[in-house]
Amino acid sequence: MQKEQRVEIVDMLRGWALLIVVISNYLYFAYSPEWTINGEGIIATIINGVESLFFSAKGWTLLFTLFGFGFGVIYAKKKQQTYLFLVRRMLVLFVFAFINSLFYDGDILRDYAFLGLLILFFIHFSAKTLLYIAGILFLFAPLLTAYINTVDTTNINNLTTSIAPLRFSTQLLHVFKYNFLNSFYSEVLNLAYSVTAHYIMFACMILGLALQKSKFLETVFERKNQIKKSLFSLVIITIVLWGIFMLSNIYKLPYLKYFSFHYWIVLTTMLSTSLFIILLYTNQKLKKILKAFSWVGRMTFTNYLTQNLIAFFVFQGVGLGLFHHMPFYFYFLFAITIYSLQIGLSYWWLKHHVYGPLEWLWRQLSDTKTMFIK
C-alpha cells in the first residue's frame, strides 16, 4: 500500500493533544463523587494548577480543530462520492461512540460524529468565509456560556447521584449502565455540555477547516515570523484575560453572570501552546520529543480508545477499582506512563503498517467501495 503524504506538524499536534487528554481524563478518576481527592498538599496543588492552566479543555479543543482540518484534507483528496464517504465515516463513528460510552462516561466520539455531519454544510466555503464564521462564533461564546450557566441543573445532579453506586460495582453490566447513563445525563441533558461545549467544538472545527483551506499548517516554515508575532500576541492576551478573570472572581463582579469568557481563555491558551509547538518544529528544536508526539498522533483514534479501555479495567469496580483510592499524583504519573508506552507501541506498529488498527478498520467500514464486498 502506498504511504500517504501527511502534514507532520498535524500529527505532532494530535499527539500533544492526546497527552493532555489522557492526563485530564485520568485525573478525573482521582476525584470521589463528592469531588474530594487523596493526598492534598503541595504536589497535588501543583498538578491541579498545571492541569487547570494548560490542560483542562485545551486537549479536546485542539483535537476538534485538527478534526476540522482532517475533514478538509479528505474533502480535497477524494474526487468522487466525497459526501457519501464522510457521511458513512460519521455514522460508523457513532457505532464506535456507543461502544466507547460503555467503557468511559466521558465519551467524545459522539460529538465528533454529530458535528462532523453538521460541518458538511460548510465544507465548500472558502478559508476567509470560514474564518469569519469561526470569529463570530468565538465572539458570542461568553454570552451563550453565561446564559446557559443560569439554567438550573438540580434534576440532572439528582440523576447522576442516583446512579453513582453503579460505578463501584464489580458486575460488568452495572458499570456499563453507569457509564452510558452518566454520559447521557452529563453530556446530553446537561446544557453546559450539549449546548455550550458543542458550540465551542463546532467553532473549533470551523477554524480547523479554515486552516486546511488556507494551507497554513502545510506552510509553517514560510510563516515563521507570522507565527512568532501571533504567539507573542496570544500569550499577552491570555495573561490579560486570566488577570481580568481572577480579579473579577475575587471581587465577585456581577458582569460575569452575563458575560463568562472562560472559553476565551481556553482557546487562547490552546492556540498559544499549539503555536509554541509549531515554532519549535520550524526551528528544529526538541526534534525527538516532537517526533514521538507524531507517532502517537498518527494513531490518535486507536490510542484514545486504548486509554479509555485501560482506565476501565484499572480504575472502575470491574477491574482493580483504583477510582479515588490512590494519591492524587498517582493518576498523573499513571497517565504519563501509559502515554510513554503508547509512544513505543505506536512507533513499532507504524514501522509495519500505514494506519493504526482502528484507523484502518474505521477507514474500511467507511469506504463505499467495500460496502458490499464479501
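The values are calculated or read from the model by the stated rules, or taken from the named source; none is laboratory data. Because the structure is predicted, anything quoted here is derived from the model rather than measured. Every residue, glycine among them, receives a Cβ derived from its backbone with ideal geometry; neighbour counts consider all protein chains shown. In case anyone asks, the SASA skips ligands and DNA or RNA and just uses the protein heavy atoms, side chains included. Shrake-Rupley method; radii C 1.70, N 1.55, O 1.52, S 1.80 Å.
Residue count for the stretch 99-115 satisfying the condition of being over 14 Å from the mean Cα position of the chain (by Cα) and touching a residue at least 60 places away in the same chain (Cβ under 8 Å): 7. In the condition set (1) over 27 Å from V22 (Cα atoms); (2) touching a helix residue (DSSP H, G or I) at 6+ places or on another chain (Cβ under 7 Å); (3) surrounded by fewer than 19 Cβ atoms within 10 Å (Cβ to Cβ); (4) not small (G, A, S), L130 is compliant with all but (3). Applying the criterion of being free of Cβ contacts under 8 Å to residues at least 40 places away in the same chain and open to solvent by 50 Å² or more (accessible area, probe 1.4 Å) to the residues of the stretch 185-200, the residue that is nearest to W60 (Cα to Cα) is V188.
Only one entry in I37, I74, I43 is open to solvent by 60 Å² or more (accessible area, probe 1.4 Å), farther than 19 Å from N303 by Cβ and in contact with a helix residue (DSSP H, G or I) (Cβ under 8 Å, 6 or more places away or on another chain), namely I43.
Of all residues in the stretch 154-173, those satisfying the criterion of being open to solvent by 60 Å² or more (accessible area, probe 1.4 Å) and either within 24 Å of Y263 (Cα to Cα) or in contact (Cβ under 8 Å) with a residue 40 or more places away in the chain (or both) are T154, N157, T161, F168, T170, Q171, L172. Every test in (1) closer than 19 Å to I200 by Cβ; (2) touching a Gly at 6+ places or on another chain (Cβ under 8 Å) is passed by I123 save one, and that test is (1).
Across the stretch 123-148, the number of residues qualifying as aromatic (F, W, Y) and closer than 26 Å to T82 by Cβ comes to 2.
For the stretch 81-121, taking the residues that are open to solvent by less than 50 Å² (accessible area, probe 1.4 Å) and outside any helix (DSSP H, G or I), the one that is farthest from P33 (Cα to Cα) is identified as L120.
The set of residues in the stretch 293-315 that are open to solvent by 10 Å² or more (accessible area, probe 1.4 Å), among the β-branched types (V, I, T) and touching a residue at least 24 places away in the same chain (Cβ under 8 Å) comprises T300, T302, T306, I310. When I338, I289 are checked against the criterion of being closer than 24 Å to F64 by Cα and open to solvent by 40 Å² or more (accessible area, probe 1.4 Å), I289 stands alone in meeting it.
Across the stretch 280-294, the number of residues qualifying as assigned to a helix (DSSP H, G or I) and not β-branched (V, I, T) comes to 9.
Here L358, L320, L305 are screened, and the one residue that is under 27 Å from I43 (Cβ atoms) and either in a helix (DSSP H, G or I) or modelled with pLDDT under 95 (or both) is L320. Scanning the stretch 238-259 for residues that are in contact with a Phe, Trp or Tyr (Cβ under 9 Å, 6 or more places away or on another chain) and farther than 16 Å from F54 by Cβ gives I244, S248, L256, Y258. Open to solvent by less than 70 Å² (accessible area, probe 1.4 Å), of a type in the set (A, V, I, L, M, F, W, C) and not in a helix (DSSP H, G or I): is that true of V151 in this structure? Here the answer is yes, as V151 does meet what is asked.
Could you list, in sequence order, the residues of the stretch 323-335 that are assigned to a loop (DSSP other than H, G, I, E, B) and either hydrophobic (A, V, I, L, M, F, W, C) or surrounded by 14 or more Cβ atoms within 10 Å (Cβ to Cβ) (or both)?
Matches in the stretch 323-335: F323, H324, M326, P327.
Restricting attention to the stretch 213-261, the residues being open to solvent by 80 Å² or more (accessible area, probe 1.4 Å) and in contact (Cβ under 8 Å) with a residue 40 or more places away in the chain number 4.
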